[in-house]
Amino acid sequence: MRLSDMKPAHWIYAAAALALLFLVVMWMRDPAPADTGAGDAAPVVDAEGRIRMREEQIEALGIESVAAQPAENIPVTGLPGEAVPPFDAVTQVTVPFTGVVTRILVDEGERVRAGQPLLRIQSRELIAMQGDLARARAEAGVSSQQARRDAALAGEGIIPEARLSESSARASAARVTLDEANAMMSRLRRVPGGQAGEYDLLAPQSGLVLRRSVTPGQAIEAMAPAFVLVDSDALDVQFNAPIALRGQLQPGLPIRLANGIEGEVVAVGADTDAGSQTLRVRAHVDQPGALVAGQQLAVTLLLPAAADAVSVPQRALQTHGQGVSVYVQDGSTFRRITVERMGGDADTAVVRSAGTLRPGDLVVQKGGSVLKSLAPIAE
């Protein structure tokens, strides 16, 4: 039979036969897979909330685990601090006599040696002091001679002991007055060829000029502060700690700054700052040049950790209501453990769990939210 002689019904039968033949061929090339039963099953959650899944499921869900580490300390981060000079290295230089500043000889940031002129002042009080010094010298000389003469006379029995006691007391008082006047004058140097009452204020020690408090032309009172000198390159860090940590704060605790600099607590305030309700803490940092006095800092205080505390990634923590949990992997099984968060920094959390979470346990750091959705936590 020629194709042109075929009727429409014949065309339909031929097409159906070809389709059936195509299906048979495809079935023979790719037979339907056998029923795999439990192979395609979803992850299993038992009555205790443990989740079991196959390795390929763990990989497909992107679950990653990392070993918990022993916690050596508990970071308390973000404490506001400031770099300050050590107390025992700072000297406040004051003006001995009232006067007017005529010249500033050094400025902030300069290094000076002991006895170097810092400031020039003109003072009428100095003129009067010079007269007092001359009188004190004369009085000390006369009273000393009289005391020596009375001692000789008393030794010969010519004058009573009471008269010797009086002259000795006058001589002693005169010496004290002279010593005080000399001490005042030792802090300054009269300007050769200068105006009457003009003197230079001298540095009492070598060091760095940390701060200047005077300006040219300024009228300044006696004992007013003029400069702050520091004789150490090391700096302290003064910061505020929450009052809740009072029982744990003590000298010797380590601190860490954002740039990796480390230090050690040397003093803890005995009272509370009225404004911030925090405790003032001072730590010593022995890295010259690393900080600048007055620099504002974020301080991390490192408190000692409990023996059963461990360190885990922050992203391993799963919150539920007021609680915090982590998931621990044991082969193909995952179990949830409720933990107490002790502290931590941006990357790491320090937790404890009454002994059920130990160093070396595999803690889920990625995919914990997936596990939480598979076995919802009762709030």
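The values are calculated or read from the model by the stated rules, or taken from the named source; none is laboratory data. If you're wondering where the values come from, they're calculated on a predicted model, not measured in any experiment. Quick reminder, even Gly has a Cβ in these numbers, built from the backbone with ideal geometry, and neighbours come from all protein chains shown. Remember, those area values only see protein heavy atoms, side chains included, never the ligands or the DNA or RNA. Shrake-Rupley method; radii C 1.70, N 1.55, O 1.52, S 1.80 Å.
Within the stretch 90-106, being hydrophobic (A, V, I, L, M, F, W, C) and modelled with pLDDT under 90 holds for one residue alone: Phe97.
Of all residues in the stretch 322-337, how many are farther than 13 Å from Lys372 by Cβ, charged (D, E, K, R) and in contact (Cβ under 8 Å) with a residue 40 or more places away in the chain? The number of residues fulfilling the criteria is 0. Does the stretch 313-334 contain at least one residue that is at pLDDT below 90, in a strand (DSSP E or B), out of contact with any Asp or Glu (no Cβ under 9 Å at 6 or more places or on another chain) and among the polar types (S, T, N, Q)? Taking every residue of the stretch 313-334 in turn, at least one turns out to be at pLDDT below 90, in a strand (DSSP E or B), out of contact with any Asp or Glu (no Cβ under 9 Å at 6 or more places or on another chain) and among the polar types (S, T, N, Q). Those residues that are under 14 Å from Ala316 (Cβ atoms) and open to solvent by less than 80 Å² (accessible area, probe 1.4 Å), I need them from the stretch 327-337; list them, please. Selection gives Tyr327, Val328, Gln329, Phe334, Ile337.
Does at least one position in the stretch 343-352 carry a residue that is among the hydroxyl-bearing types (Ser, Thr, Tyr) and closer than 22 Å to Ile51 by Cβ? Give the derivation first.
Taking the stretch 343-352 and keeping what is among the hydroxyl-bearing types (Ser, Thr, Tyr), we get 348.
From what is left, the residues that are closer than 22 Å to Ile51 by Cβ are none.
The answer is no; no qualifying residue exists.
Restricting Gln329, Gln365, Gln318 to those that are more than 34 Å from the chain's Cα centre (by Cα) and under 25 Å from Glu72 (Cβ atoms) reduces the list to Gln329.
Just to be sure before I move on: is Asp308 assigned to a loop (DSSP other than H, G, I, E, B) and modelled with pLDDT under 90 in the structure I sent? Yes; evaluated as a whole, the condition is true for this residue.
Give me the residue from the stretch 135-161 that is hydrophobic (A, V, I, L, M, F, W, C) and open to solvent by 70 Å² or more (accessible area, probe 1.4 Å) and, out of that set, nearest to Arg175 (Cα to Cα).
If we filter the stretch 135-161 for residues that are hydrophobic (A, V, I, L, M, F, W, C), which is where we start, we get 136, 138, 140, 142, 147, 151-154, 158-159.
Those left that are additionally open to solvent by 70 Å² or more (accessible area, probe 1.4 Å): 142, 158.
Details: Val142: 11, Ile158: 26 Å.
Within the stretch 135-161, the match that is nearest to Arg175 (Cα to Cα) is Val142.
Taking the condition in contact with a Pro (Cβ under 9 Å, 6 or more places away or on another chain), free of Cβ contacts under 8 Å to residues at least 60 places away in the same chain and more than 20 Å from Pro70 (Cβ to Cβ), does Gly263 pass? Spell out the reasoning first.
On the way: in contact with a Pro (Cβ under 9 Å, 6 or more places away or on another chain): yes; free of Cβ contacts under 8 Å to residues at least 60 places away in the same chain: yes; more than 20 Å from Pro70 (Cβ to Cβ): yes.
Yes, satisfied.
Being open to solvent by less than 20 Å² (accessible area, probe 1.4 Å), at pLDDT 90 or above and touching a Lys or Arg at 6+ places or on another chain (Cβ under 7 Å) is a property that holds for Val228.
In the set Gly294, Gly269, only one residue is modelled with pLDDT under 95, touching a strand residue (DSSP E or B) at 6+ places or on another chain (Cβ under 8 Å) and open to solvent by less than 30 Å² (accessible area, probe 1.4 Å); that residue is Gly269. Val281 - would you say it is assigned to a strand (DSSP E or B), open to solvent by less than 60 Å² (accessible area, probe 1.4 Å) and touching a Phe, Trp or Tyr at 6+ places or on another chain (Cβ under 7 Å)? So Val281 fits the description; yes.
Could you identify the single residue in Asp286, Asp273 that is touching a residue at least 40 places away in the same chain (Cβ under 8 Å) and among the acidic types (Asp, Glu)? Let's see the steps before the verdict.
On the way: Asp273 fails: touching a residue at least 40 places away in the same chain (Cβ under 8 Å).
Result: Asp286 is the single residue among Asp286, Asp273 that is touching a residue at least 40 places away in the same chain (Cβ under 8 Å) and among the acidic types (Asp, Glu).
When Ser373 is tested against (1) modelled with pLDDT of 90 or more; (2) of a type in the set (S, T, N, Q); (3) more than 30 Å from the chain's Cα centre (by Cα), exactly one condition is not met: (1). Scanning the stretch 338-356 for residues that are without any contact (Cβ under 8 Å) to a residue 40 or more places away in the chain, buried (at least 20 other Cβ atoms within 10 Å of the Cβ) and of a type in the set (Val, Ile, Thr) gives a single hit, Val339.
Per-residue answers, yes or no, for (1) open to solvent by less than 70 Å² (accessible area, probe 1.4 Å); (2) part of a strand (DSSP E or B); (3) under 30 Å from Asp233 (Cα atoms):
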residue: Glu48; (1), (2), (3): no, no, no
residue: Gln57; (1), (2), (3): yes, no, no
residue: Gly62; (1), (2), (3): yes, no, no
residue: Val66; (1), (2), (3): yes, yes, no
residue: Pro75; (1), (2), (3): yes, yes, yes
residue: Pro80; (1), (2), (3): no, yes, yes
residue: Thr91; (1), (2), (3): yes, yes, yes
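Whether any residue in the stretch 255-263 is assigned to a strand (DSSP E or B), open to solvent by less than 60 Å² (accessible area, probe 1.4 Å) and closer than 16 Å to Gly78 by Cβ is what I want to check. So that I can check it myself, show each step before the final result.
Narrowing the stretch 255-263 to residues assigned to a strand (DSSP E or B): 255-257, 262-263.
After this cut, where a residue has to be open to solvent by less than 60 Å² (accessible area, probe 1.4 Å) as well, the list is 255, 257, 263.
With the extra rule that they be closer than 16 Å to Gly78 by Cβ, the set shrinks to 255, 257.
Yes: one or more hits.
Residue by residue through the stretch 239-254, note down the ones that are in a strand (DSSP E or B) and either open to solvent by 70 Å² or more (accessible area, probe 1.4 Å) or under 14 Å from Leu303 (Cα atoms) (or both). First the steps, then the outcome.
Going through the stretch 239-254, the residues in a strand (DSSP E or B) turn out to be 239-242, 254.
Correct list: Ala241, Pro242, Pro254.
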